[in-house]
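Worksheet for the structure shown next.
The values are calculated or read from the model by the stated rules, or taken from the named source; none is laboratory data. This is a predicted model, so every value here is computed, not measured. Cβ coordinates were reconstructed from backbone atoms using ideal geometry, including for glycine residues, and neighbour counts include every protein chain displayed. Ligands, DNA and RNA are excluded from the accessible area calculation, which covers all protein heavy atoms including side chains. Shrake-Rupley method; radii C 1.70, N 1.55, O 1.52, S 1.80 Å.
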Amino acid sequence: MDTIASAMLAPPAELRHRRVRLELGPGAAAHACGHVRAAISAWSVPVNPAVAILLTSDLVINAVTNGAGETITLGIRWSAGQFRVEVHDASVTGDSWETADADADADRGLQLATAMAADCGPYRTPAGRAVYYVLTLEQRTAATTGAAPGDV
């Protein structure tokens, strides 16, 4: 009986995801952050919500400032101890991270994500490009103990 009860309390192993299309404009970052906050709460994701919201805001502002098209797509995923947020836009050419002028545009706004996330970066999609960050449980433990991720 105890084995069944413990198994029922274990966190779900399935993939949880959400995709939302947002209109570009001054409210895009706030709407995206609201979706990230809601996902963290609904899925009981053990990451620092303030960090997730800061990084999401940074990626969305970058897409609003440098992206193309009238909308962006926000992707949120929680699986296997990783919380991943992606921002997709319709940029098809001229990305600073594909040119020699990458430093001039601060690597598409990824300086915060580079410093605070376990992984981050841009990649090409059939419809344009995406920029993402990943937060992990290891980072949460390091933040509360004062150790750097990877320290033993």
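Quick notes on this structure:
- Neighbour net charge for Ala117 - beta-carbon separation under 11 angstrom, K R +1, D E -1: -1
- Largest-first ordering by accessible area, 1.4 Å probe, given options Arg124, Arg84, Arg19: Arg19, Arg124, Arg84
- Candidate residues Asp58, Asp89: accessible-area rank, largest first, probe 1.4 Å: Asp58, Asp89
- Across the protein chains, with a 1.4 Å probe defining accessible surface, the residues Ser44, Ser91, Ser57 rank Ser44, Ser57, Ser91 from largest area downward.
- Label sites at Arg37 and Thr114, each approximated as a point 7 angstrom past Cα along Cα to Cβ, lie 2.9 nm apart.
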